[in-house]
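Asker: Quick one: this structure, given as structure tokens, is what I'll be asking you about.
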Amino acid sequence: MCSEKFGKREIYTLAESRTNKAGQFNVIVNGEGSDLSKTDALKGRAKRKTITQVMMLKLISVAQNEGEPELEKAYWNTYYCQQNLFTSDGRLYGKYCKNRFCTLCCSIRKAEMINKYHPVLKKWKEPFFLTLTVKSCKAEQLSRYIKKFIQGFQRITEKHRKRYQRGKGKKLIGIRSLECNFNPVRKTYNPHFHIITKDKETAEILLSEWLKLWTPKFAKRPAQNIQKVTELKTGLIEIIKYGSKIFTEPDLKNRKNQKDTAQIYVKALNIILTAMKGKRIFDRFGFNLPKATNITQIPAKLLSYYNEWEYDMTSADWVNVMTGEKLSGYELPSYLNSILENNINDSIL
Ligand SMILES: [Zn+2]
């Protein structure tokens, strides 16, 4: 899930003006658009759009049944993310919903985050991986658990920051990402932090503080994991991916052999999203990012000549509104189609 705001250049807003040229309305787009010649990227986008679309319809009906109008509205926004695309001069423009549970938006967000954090993290001499968790809980406890996760972690880093300022102790430096798994057999939820620390000592301090905070009743040492980071970029991608895991995991592309067992539990997902709403899923601690140098805003552009494409669920692709031609040529593989049709579980848990 995405937690931070998008960079300005990634936000495309579309507005139609009423001047009619060549039988079309003019369209105003913001942002630089994306390269239309990258067909693999386009196909990936069509795949994400298709998965998102199916999932959102399920989530919308869950939110309706649970009486959660705010979430329902947010799910609808994501349902319409990139619904209509405009192409002009080899560039592609669309409007993003910017919701954290949108796979289309999160894939952009992911690339941005890697560009931002990798240059900083690669200067760390001995980065460590840390997974912090507690005993799994029931649905009705999840909001409270997640609140305590975030507040508790903040309290730990804050305490050490103050000690450090007084000249005794160590400033804890790292990044963290909150994730929550659902266990369909036991019907429990397991929130956990994935953390990369600047060094081993930071990871050890966090670990011991975490165990103290939650007490042995909730957090036992063997459930936590601490290890050296061997491949930084892969590790960073993992952490950022956790932040956007909801729809990319269970990883649909790797489920070819598990199509009978792969299940997506929509009600559980809605419970997790409700509990995480308004919470900072990804965060850094103990350091700031260098100031971005290129935040020049790209001026809005008026497109007089363009093609308009509308997403069509049965084609799993965007279709030209005038000609009916498909945009990406993406074909929904049968295993994925089968998962989306049969393995999305929205029964009462
Ligand atoms: Zn979106």
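Asker: Out of contact with any helix residue (DSSP H, G or I) (no Cβ under 6 Å at 6 or more places or on another chain), free of Cβ contacts under 8 Å to residues at least 60 places away in the same chain and assigned to a strand (DSSP E or B) - does that describe any residue in the range 148-164?
Answerer: no
Asker: For the list (1) outside the structural domain of Leu232 (by TED's automatic domain parsing); (2) more than 21 Å from the chain's Cα centre (by Cα); (3) assigned to a helix (DSSP H, G or I), I need the number of the one condition that Arg144 fails.
Answerer: The one condition Arg144 does not meet is (1).
Asker: Starting from the range 177-188, keep only residues that are in contact (Cβ under 8 Å) with a residue 12 or more places away in the chain, then list their pairs with residues that are exposed (fewer than 15 other Cβ atoms within 10 Å of the Cβ) and in a loop (DSSP other than H, G, I, E, B) whose Cβ atoms are within a distance under 6 Å, requiring at least 6 positions of separation or different chains.
Answerer: Going by the 6 Å Cβ cut-off, the qualifying pairs are Lys187/Leu349.
Asker: Something else now. For residues in the range 294-322 being among the aromatic types (Phe, Trp, Tyr) and assigned to a strand (DSSP E or B), which is surrounded by the most Cβ atoms within 10 Å (Cβ to Cβ)? Give the steps one after another, and end with the answer.
Answerer: Narrowing the range 294-322 to residues among the aromatic types (Phe, Trp, Tyr): 305-306, 309, 311, 318.
Checking the rest, the ones that are also assigned to a strand (DSSP E or B) come to 309, 311, 318.
Numbers: Trp309: 25, Tyr311: 22, Trp318: 28.
Out of the qualifying residues, it is Trp318.
Asker: Of (1) out of contact with any Leu (no Cβ under 6 Å at 6 or more places or on another chain); (2) over 30 Å from Asn342 (Cβ atoms), Asp40 satisfies all except one. Which?
Answerer: So the condition that Asp40 fails would be (2).
Asker: Answer with yes or no whether Glu325 is touching a strand residue (DSSP E or B) at 6+ places or on another chain (Cβ under 9 Å), surrounded by fewer than 15 Cβ atoms within 10 Å (Cβ to Cβ) and under 17 Å from Thr52 (Cα atoms).
Answerer: No, not satisfied.
Asker: What residue, of Cys105, Cys137, is within 14 Å of the ligand (Cβ to nearest atom), in contact with a Phe, Trp or Tyr (Cβ under 6 Å, 6 or more places away or on another chain) and touching a residue at least 24 places away in the same chain (Cβ under 8 Å)?
Answerer: Just one listed residue meets the conditions, Cys105.
Asker: Suppose we keep only residues that are assigned to a helix (DSSP H, G or I) and either hydrophobic (A, V, I, L, M, F, W, C) or touching a residue at least 24 places away in the same chain (Cβ under 8 Å) (or both) within the range 76-91. Which one would you say is farthest from the ligand (Cβ to nearest atom)?
Answerer: Trp76
The values are calculated or read from the model by the stated rules, or taken from the named source; none is laboratory data. Everything quoted here is computed from the prediction, not taken from an experiment. Please note: Cβ atoms are built from the backbone with ideal geometry, for glycine as well, and neighbour counts cover all protein chains shown.
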